[in-house]
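Engineer: Okay, handing you the structure first.
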Amino acid sequence: MAIKTIYDKLLPEVKTALRESATKYSTAKRLKYNLMSKTIWSELTVSDVSDIITYGSLNNSELSSYSYLYGANIISK
């Protein structure tokens with residue numbers, strides 16, 4: 001069984017928004033490939049998480065501290 005990447009674990013609505021953003025913005029495209037190279041949430045930088053929120057069309061005010069620390073409501077376990 002192949003190990004899932006962070007990109008694979010993204011919730012469907014976040015992945016769809018990121019895909020759409022990647023067609024418009026080169027930064028979102030780089031983020032997509034970066035997420036495909038990481039397997040653990042803790043490997044991400046603060047900037048990566050910020051970009052996921054931006055390009056994944058997430059509402060910052062609806063996210064908890066667990067979202068930032070562990071990817072709750074962003075990735076599936």
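Engineer: Looking at segment 11-33, which of the residues that are of a type in the set (Ser, Thr, Tyr) and assigned to a helix (DSSP H, G or I) is farthest from Ser50 (Cα to Cα)?
Structural biologist: That would be Thr23.
Engineer: Report yes if some residue within segment 24-42 is without any contact (Cβ under 8 Å) to a residue 12 or more places away in the chain, closer than 14 Å to Tyr68 by Cβ and not β-branched (Val, Ile, Thr); otherwise report no.
Structural biologist: yes
Engineer: Among (1) crowded, with 16+ Cβ neighbours inside 10 Å; (2) touching a residue at least 60 places away in the same chain (Cβ under 8 Å), where does Leu11 come up short?
Structural biologist: So Leu11 meets the others, but not (1).
Engineer: Which numbered condition in (1) modelled with pLDDT of 95 or more; (2) charged (D, E, K, R); (3) assigned to a loop (DSSP other than H, G, I, E, B) is the only one that Asp8 fails?
Structural biologist: (3)
Engineer: Of all residues in segment 20-52 being of a type outside the set (Ser, Thr, Tyr) and over 21 Å from Leu63 (Cα atoms), which is surrounded by the most Cβ atoms within 10 Å (Cβ to Cβ)?
Structural biologist: Across segment 20-52, the extreme among qualifying residues is Asn34.
Engineer: Here's a follow-up. Looking at (1) surrounded by fewer than 17 Cβ atoms within 10 Å (Cβ to Cβ); (2) in contact (Cβ under 8 Å) with a residue 24 or more places away in the chain; (3) assigned to a helix (DSSP H, G or I), which one does Asn73 not meet, given that it meets all the others?
Structural biologist: Here Asn73 clears every test but (3).
Engineer: Could you grab me the full set of residues in segment 43-57 that are of a type in the set (Ser, Thr, Tyr) and touching a residue at least 40 places away in the same chain (Cβ under 8 Å)?
Structural biologist: Ser57
The values are calculated or read from the model by the stated rules, or taken from the named source; none is laboratory data. Being a predicted model, the structure only gives us computed values, none of them experimental. We place every Cβ from the backbone using ideal geometry, glycine too, and count neighbours over all the protein chains shown.
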